[in-house]
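Chemist: Take a look at this one; I'll ask things after.
The values are calculated or read from the model by the stated rules, or taken from the named source; none is laboratory data. In this text the structure is predicted, and so the values were computed from the model without any measurement. Quick reminder, even Gly has a Cβ in these numbers, built from the backbone with ideal geometry, and neighbours come from all protein chains shown. In case anyone asks, the SASA skips ligands and DNA or RNA and just uses the protein heavy atoms, side chains included. Shrake-Rupley method; radii C 1.70, N 1.55, O 1.52, S 1.80 Å.
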Amino acid sequence: MSWTNELYRVYELAVTTESGNTMLPISHSTAQAQIEITITKSGEFESANEISKKDAKTIIPVTEDSAARGNGIAPMPLTDKLIYISGDYSLYAEGKHANNNEYFAAYMKQLKDWCESDYSHYAIRAIYDYLSKKELIKDLVGSGIIHIDEKTGKFSDKKICAISQNEAVVRFIVSSDDELCHTWLDKKLYNCFDEYYQNSLTSEDICYANGRVRAVTYKHPAKIRNSGDKAKLISANDEKNFTYRGRFENKEEAISVSYDFSQKMHIALKWLIDRQGKAYDSLTIVTWNSALGFVPEITQSAFEIIDDEQEEYSTIPELSKMLNKKLMGDKAEFDNSCKVMVMGLDAASTGRLSISLYTELSESEFAFNLQKWHEDTAWLRRRYKKTLIDSCSLPEIADCLYGREVTPKQNKNNANDGSAYSEDGKSDSVKNKRLECNDENLKKLRKDTILRLLPCIIERRRIPRDIVITMVNRASNPLSYENEYNHTKIIENACALIRKEYKDYNKGEITMAYDPSCTDRSYLYGCLLAIADKAERDSYDNEKDEKDSYGKRTDKAKITNARRYWNAFSSKPYQTWLIIEKNLEPYLEKKDWIMTKYTKHLNEIMAKLSLEDYADNSKLSPMYLIGYHHYNALLWAGNNENNNEEEK
């Protein structure tokens, strides 16, 4: 169980650091509180307030039973719901649990035991004295926090922070002459409960994690990925089915972990996820350094990792140099004793959390593998209205593979990749449409794709060929996308993955720019497609408006013949090219410079195609997309020259 030991080490290392101050204390969890009550040191009520949603997160002490409570009676040691802490609850409640005597008695007994222990605290004694008066809800009604139905004298339907009044959670402030004790923030109080609770544990056994005899637990923490997470990493509470039966006689034989070890391990994991975890539907990815040093987000593209608008790069070596600088941080060299851990957590069911991925690498190996992924998937792309070399991000690959066009609910200032708005800043519904996996089935596909691709990064595994094929097929259907940028993005990612596949399967090296020496049939047919597309665009690119006064589309908004026949062209290039070529003639004849320029380009490519290859009507290989993108970039790069020719 190396992952448990690594998480334990994270706790021991981080707990004394400044960043470790945000770690949960041992024997504590979090809850969303709705009501805050201030009492005096002598246990007298002072005031009550409704807590705002942004301030509702509350650190609370928990026992093994209360942290895992379901339908039974298991009170929290301090902060809890009204049904547990209100002695007068039954006067105002109605329904199944209107009589809360058992809940209140269990809570008060537990609180009294803490008060009478060697680990007591003045704030705990004050709270016990106050609650013993059984007037909590009466005080809340008097303060206008709880509202009572005038007819019945019971709780009204009004809610507190979107929570039913009878379900509200209460936290306490205890005031004395010289200080205010906010019980959910007081570190002395944290330590008091931790020492009290751990000294009350009696069941000892050998801890399978560290080999020591300690107080053990079989009820491990939940809320690992977020405050509403009920799934657990370690659980053996199913004695009827086959959680461990057939291999072990009882749960004690299956696994035994000390309470202290379990708490520290889970607290460290929660802390890491909260700081640097990334969630993709039910999948959570967390990466950390054994020395708590800098670790980049492994699912991002190189552009996102570098994250420096001042830096300029236009070649792969420059990109590699900047990536290496970012990965090194402030260090002159990698520490051989440091490791990088990558963990993927997914919910197998509501109550079970599985480790979908776990890898340990040396710092240098992790950096090398990550850099190699970004070098191998580097491609010329459009980012933030700039053309630059960037690599593939895993979420973008998944969105390009399975996403649908949707209009995001965001404004121009909040757009996160510069693609949602066009050059002219227009924000109509079509130009805003972006690729997203926006339903449950697509979200699962997105998550599963990211999980499949992670080993390609961290372990340098070969890219799955079915992913490349699916991306190529998506790129071969331009009419499926209203926003042309989305299709362009798919082509960019398809080309990057094709380049990666060629490297992985030793097919050769694909250059970043047009290769005039390449005579591959599919590559050259892709070049022809790019020429036909650009030539037709140039023939009507100077139209001012997309629609006339009658709302009809003008030339500028037309779909080129190359795009219209693209899918058929990829399957039957010779037959379809004859149609595209015939339809292109009227556009070439519009202006002399268009005829001269693009006829020259067409002749140049046709000269490289043998008659046999040209007449071959079989399906094109993915290399046709490389040819298209290469020649398209070449034509657009010379656009200023084209404009000068037009002016002449």
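Chemist: Report whether or not Y614 is open to solvent by less than 50 Å² (accessible area, probe 1.4 Å), farther than 23 Å from R499 by Cβ and in contact (Cβ under 8 Å) with a residue 40 or more places away in the chain.
Modeler: yes
Chemist: Now, a different point. Return yes when A98 is farther than 18 Å from I124 by Cα, buried (at least 18 other Cβ atoms within 10 Å of the Cβ) and modelled with pLDDT under 95 and no when it is not.
Modeler: Criteria not met by A98.
Chemist: Cβ-Cβ below 9 Å, separation at least six or inter-chain, first residue in the range 36-47 and touching a residue at least 60 places away in the same chain (Cβ under 8 Å), second basic (K, R) and assigned to a strand (DSSP E or B): which pairs?
Modeler: These pairs meet every condition: E36/R171; I37/R171.
Chemist: Okay, next question. Limited to the range 144-184, what total is found for residues that are in a loop (DSSP other than H, G, I, E, B) and surrounded by fewer than 16 Cβ atoms within 10 Å (Cβ to Cβ)?
Modeler: The qualifying residues number 17.
Chemist: Next question, about the same structure. Do we have A74 as open to solvent by less than 50 Å² (accessible area, probe 1.4 Å), in contact with a helix residue (DSSP H, G or I) (Cβ under 6 Å, 6 or more places away or on another chain) and within 23 Å of K109 (Cβ to Cβ) here? Explain how you work it out, then say what you get.
Modeler: Numbers: open to solvent by less than 50 Å² (accessible area, probe 1.4 Å): yes; in contact with a helix residue (DSSP H, G or I) (Cβ under 6 Å, 6 or more places away or on another chain): yes; within 23 Å of K109 (Cβ to Cβ): yes.
Taking the combined requirement at face value, the residue satisfies it.
Condition check ((1) modelled with pLDDT of 95 or more; (2) part of a helix (DSSP H, G or I); (3) under 26 Å from T488 (Cβ atoms)) across all residues:
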residue	(1), (2), (3)
E604	yes, yes, yes
A607	yes, yes, no
L620	yes, no, yes
I626	yes, yes, yes
W636	no, yes, yes
E645	no, yes, yes
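Chemist: Sticking with this structure for a sec: Which ones in the range 17-49 are in a strand (DSSP E or B) and small (G, A, S)?
Modeler: If the condition is that a residue be in a strand (DSSP E or B) and small (G, A, S), then S29, A31, S47, A48 are the ones that fit.
Chemist: Okay, next question. Taking the criterion of being out of contact with any strand residue (DSSP E or B) (no Cβ under 9 Å at 6 or more places or on another chain), within 23 Å of S47 (Cβ to Cβ) and either outside any loop (DSSP other than H, G, I, E, B) or of a type in the set (S, T, N, Q) (or both), would at least one residue in the range 232-242 satisfy it?
Modeler: No - not one qualifying residue is present in the range 232-242.
Chemist: For residues that are over 23 Å from the mean Cα position of the chain (by Cα) and in a helix (DSSP H, G or I), scanning just the range 7-16, find the one that is surrounded by the fewest Cβ atoms within 10 Å (Cβ to Cβ).
Modeler: That would be E12.
Rundown of residues vs (1) among the basic types (K, R); (2) touching a strand residue (DSSP E or B) at 6+ places or on another chain (Cβ under 9 Å); (3) buried (at least 16 other Cβ atoms within 10 Å of the Cβ), yes/no style:
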residue: L453; (1), (2), (3): no, no, yes
residue: P464; (1), (2), (3): no, no, yes
residue: I469; (1), (2), (3): no, no, no
residue: P478; (1), (2), (3): no, no, yes
residue: E482; (1), (2), (3): no, yes, no
residue: C495; (1), (2), (3): no, yes, yes
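Chemist: Can you work out which of the residues in the range 247-267 that are touching a Lys or Arg at 6+ places or on another chain (Cβ under 8 Å) and assigned to a helix (DSSP H, G or I) is nearest to E297 (Cα to Cα)?
Modeler: As a first pass, look at the range 247-267 and keep what is touching a Lys or Arg at 6+ places or on another chain (Cβ under 8 Å): 254, 258-261.
Filter again for assigned to a helix (DSSP H, G or I), leaving 254, 259-261.
On the way: A254: 35, Y259: 32, D260: 31, F261: 28 Å.
Filtering the range 247-267 for residues that are touching a Lys or Arg at 6+ places or on another chain (Cβ under 8 Å) and assigned to a helix (DSSP H, G or I), the one nearest to E297 (Cα to Cα) comes out as F261.
Chemist: Considering only residues that are closer than 23 Å to R9 by Cα, open to solvent by 30 Å² or more (accessible area, probe 1.4 Å) and either of a type in the set (S, T, Y) or in contact (Cβ under 8 Å) with a residue 24 or more places away in the chain (or both), which ones fall in the range 200-217?
Modeler: Across the range 200-217, the qualifying residues are D205, I206, Y208, N210, R212, R214.
Chemist: Moving on to the next point. Would you mind finding the one in C192, C207 that is at pLDDT 95 or above and farther than 23 Å from I35 by Cα?
Modeler: C192
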